[in-house]
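FYI, it's all coordinate maths here, none of it is from the lab. Keep in mind that what you see is a predicted model, and the values were worked out from it rather than measured. Positions of Cβ are generated from backbone atoms using ideal geometry, with glycine treated the same way; all protein chains shown enter the neighbour counts.
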Amino acid sequence: MTNPRASASPTINLPALELIEQRIFLIRGQKVMLDSDLAALYGVPTFRLNEQVKRNLKRFPDDFMFQLTREEAGVLTSQIAISNKGRGGRRYLPYVFTEQGVAMLSSVLNSDQAIEVNIAIMRAFVRLRSILAAHKELARKIEILEKETKASFKAVFELINKYLKPHEKAKNRIGFRTTA
């Protein structure tokens, strides 16, 4: 039996999760995506995406979307090659969307591609969260192992040093003894 949902919408070439994950940045302690990256994924110009957001601004509080500072944009420009203003590129500071903001975009951009891309992006956020959780657990286990290993190796090295150091015995020396 075929899935009725699968046949209801045309097949769209969605970007791989890895490509989406590469477009998720950590800014101000939050995982976010740039408006231009989202627009590219949705297949719309960046100004159209931002236009729809501005028309529905009540749906995007500060914890869903915020505009980057000049410093933040400068760091991203050097890292991912956002075009410079003087070369016909962006004329304003980019907006970024948190996971909740990306979810809210699906209600603003109402197309089959937007819905499917949103699902892929949500999966990428979930996958990143699980990877980060696994890394935290691994780091905790390594820390515990280091503590246990330091104690174990300290005892081993003390034992090795004990047997490697020659026993200091009073030896009969040849020659004259002088007393001071």
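How do 36, 111 line up, fewest other C-beta atoms within 10 Å first? Present the calculation step by step, with values, prior to reporting the outcome.
Values: 36 22, 111 14.
Least crowded to most crowded, the residues run 111, 36.
Compute the length gained on full extension between residue 58 and residue 17: take 0.36 nm times their separation in residues and subtract their Cα-Cα distance, giving the result in nm to one decimal. If you can, show how the numbers build up before the last one.
Values: separation 41, 0.36 × 41 = 14.76 nm, distance 2.95 nm.
Going from the current span to full extension adds 11.8 nm.
Let me confirm the definition first: pairs of Lys residues in segment 14-136, 8 or more apart or on different chains, C-alpha distance under 25 Å. How many are there?
On the way: 31/54; 31/58; 31/136; 54/85.
Close lysine pairs found across segment 14-136: 4.
If we count every other residue with Cβ under 15 angstrom of residue 22's Cβ, Lys/Arg +1 and Asp/Glu -1, where does the sum land?
Net charge around residue 22: +1.
Going by average Cβ density within 10 Å per residue, which order do the peptides 119-129, 91-101 take, highest to lowest? Spell out each step's value before the answer.
Working: 119-129: 16.6, 91-101: 18.5.
Ranked from most to least packed, the peptides come out as 91-101, 119-129.
Averaging sequence separations of C-alpha pairs under 8 Å and six or more residues apart, then dividing by the length of segment 14-136, give the relative contact order as a whole percent. It would help to have the intermediate numbers written out before the result.
Values: 115 pairs, mean separation 40.8, N = 123.
Worked out over segment 14-136, it gives 33 percent.
Given 0.36 nm per residue, what is the gain on full extension from residue 145 to residue 178 after removing their alpha carbon distance, in nm? Numbers along the way, then the final one.
Working: separation 33, 0.36 × 33 = 11.88 nm, distance 5.56 nm.
Residue separation times 0.36 nm, minus the Cα-Cα distance, leaves 6.3 nm.
Let's test this: bin the Cα-Cα distances of segment 14-136 at 10 Å from zero up to the farthest pair and state each bin's percent.
All Cα pairs, binned at 10 Å, distribute as 12, 47, 35, 6, 0 percent.
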